[in-house]
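Heads up, the thing below is written out as structure tokens.
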Amino acid sequence: MSVVMKIGQLVSGSWKVSTGLTVLTILNAVVLLIAIPMSVWDQALVAGVPAWTKPIKFSLAFLAFGPTMLWIYARVKVGRIGRIALELVGWSMVLEIVLITMQAARGVMSHFNYSTPFDGAVFRAMAAGTGIFAIAALIVGVVLARRRLEGLIGLAITLSVPIMTLGAIQGASMTQPKPGQAEAGRLFVGGHTIGGPQVQGPGLPFLGWSTVHGDLRVAHFVGLHVLQILPLAALLLTVLVARGIIKTPERRLRGAVWAGGAAYVGLILTLYFQALRGQSVIAPDVITVLMACLLVWVPAAVAFGLVLIPSRRRLRRPPSAREPIGESSP
């Protein structure tokens with residue numbers, strides 16, 4: 001009974017923060033419980049992929065996203081505009097998972113599908129929801145930046161929301177028509193594959209990212225999940241400092257978090273331009289490696305340096321008793 005009460009209190013508290021995000025979290029837990037057994041029972045393929053793989057992937061992503069957003073904004077005082085934006089973030093993604101699950105049950109593509117007027121309307125609704133999500137996420141990011149949570153985790157969260165918005169906006173490039181689609185009668189418009197057919201080919205296990213061509217989903221995925229990754233890195237730093245394992249000044253630690261955010265933005269840009277050049281994420285060429293070195297590894301090295309390399313003040317040898325301060329050697 002106590003467990004039920006605690007769950008009820010948790011849901012009640014989340015409901016006060018955002019109805020949309022609470023519904024999103026509960027709904028995706030239900031979708032996951034349905035989609036996993038359905039993936040075993042229903043062996044239908046959609047574009048060469050098991051039909052229920054997409055609902056499983058999206059529900060897992062939303063189950064990481066929803067509780068994180070609820071935890072953050074339970075600790076931030078937001079005004080009327082911020083609350084409306086939070087609701088738009090939640091309900092736009094509720095629409096997304098409902099339509100994805102419905103199309104999986106029908107055994108048809110949810111994204112880029114214009115094969116019937118109904119399927120075209122479904123995808124247009126999903127695209128509109130994604131646009132609303134990107135704008136609303138940017139607004140709540142501005143709210144968060146003004147209300148600033150304290151500590152390294154607060155800084156990481158503040159940086160993560162606009163970076164997440166960058167990942168969401170990048171997804172809009174997938175809706176643009178790809179070569180040959182107009183000639184095919186515009187049954188399928190847009191797609192995530194660059195340099196090859198939009199029909200699913202060889203891909204990474206479960207994720208499905210192309211191992212042959214460029215895939216825009218990689219940068220999109222990485223961008224959307226910064227809200228879990230960067231704050232977790234800040235949490236690790238906080239724990240290491242609290243346990244005395246590292247003894248780095250607060251100012252340098254904050255600089256490291258900023259550098260980590262810059263490295264994350266560099267990673268998104270590198271993956272995005274790699275995909276635009278029709279190159280698989282597992283087969284980087286010299287240009288991609290150079291971009292990664294400049295945009296990812298350099299700021300990452302700065303972050304590690306700020307954390308691990310002792311400051312010059314600590315390296316300076318204290319004067320001995322035989323060398324009083326102010327005296328110079330003959």
Would you mind telling me which numbered condition in (1) at pLDDT below 80; (2) under 23 Å from Trp258 (Cα atoms) Val140 fails? (1)
With assigned to a helix (DSSP H, G or I), on the phi < 0 side of the Ramachandran plot and out of contact with any helix residue (DSSP H, G or I) (no Cβ under 9 Å at 6 or more places or on another chain) as the only criterion, which of Gly66, Gly90, Gly82, Gly120 stands out? Gly120
Quickly run through the stretch 136-171 and pick out the residues that are aliphatic (A, V, I, L, M), touching a residue at least 40 places away in the same chain (Cβ under 8 Å) and open to solvent by 40 Å² or more (accessible area, probe 1.4 Å). Ile139, Ile153, Leu166
Among residues of the stretch 10-47 being of a type in the set (Ser, Thr, Tyr) and in a helix (DSSP H, G or I), the residue nearest to Met102 (Cα to Cα) is Ser39
May I ask you to verify whether Ala104 is touching a Phe, Trp or Tyr at 6+ places or on another chain (Cβ under 8 Å) and either assigned to a helix (DSSP H, G or I) or farther than 25 Å from Trp15 by Cβ (or both)? yes
Restricting attention to the stretch 233-261, which residues are farther than 12 Å from Leu308 by Cα, free of Cβ contacts under 8 Å to residues at least 40 places away in the same chain and open to solvent by less than 60 Å² (accessible area, probe 1.4 Å)? Val239, Gly244
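Conditions tested, residue by residue: (1) over 22 Å from the mean Cα position of the chain (by Cα); (2) within 30 Å of Gly171 (Cα to Cα); (3) open to solvent by 100 Å² or more (accessible area, probe 1.4 Å); (4) at pLDDT below 90.
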residue	(1), (2), (3), (4)
Thr270	no, yes, no, no
Ala275	no, yes, no, no
Ala283	yes, yes, no, no
Ala300	no, yes, no, no
Pro310	yes, no, no, yes
Arg313	yes, no, yes, yes
Arg317	yes, no, yes, yes
Glu323	yes, no, no, yes
With respect to Val98, is the statement that it is hydrophobic (A, V, I, L, M, F, W, C), touching a residue at least 40 places away in the same chain (Cβ under 8 Å) and open to solvent by 10 Å² or more (accessible area, probe 1.4 Å) true? yes
I'd like to verify a number: residues in the stretch 137-167 that are assigned to a helix (DSSP H, G or I) and in contact with a Ser or Thr (Cβ under 7 Å, 6 or more places away or on another chain), how many? 8
Quick check on the stretch 50-65. Is at least one of its residues more than 22 Å from Trp209 (Cβ to Cβ) and among the basic types (Lys, Arg)? no
Would you be able to say whether some residue in the stretch 83-94 is buried (at least 20 other Cβ atoms within 10 Å of the Cβ) and either charged (D, E, K, R) or touching a strand residue (DSSP E or B) at 6+ places or on another chain (Cβ under 9 Å) (or both)? no
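The values are calculated or read from the model by the stated rules, or taken from the named source; none is laboratory data. A quick note: this is a predicted structure, and the numbers were derived from the prediction, not measured. Don't worry about glycine lacking a Cβ; one is built from the backbone with ideal geometry, like all the others, and counts go over all protein chains shown. Calculation scope for accessible area: heavy atoms of the full protein, side chains included, ligands and nucleic acids excluded. Shrake-Rupley method; radii C 1.70, N 1.55, O 1.52, S 1.80 Å.
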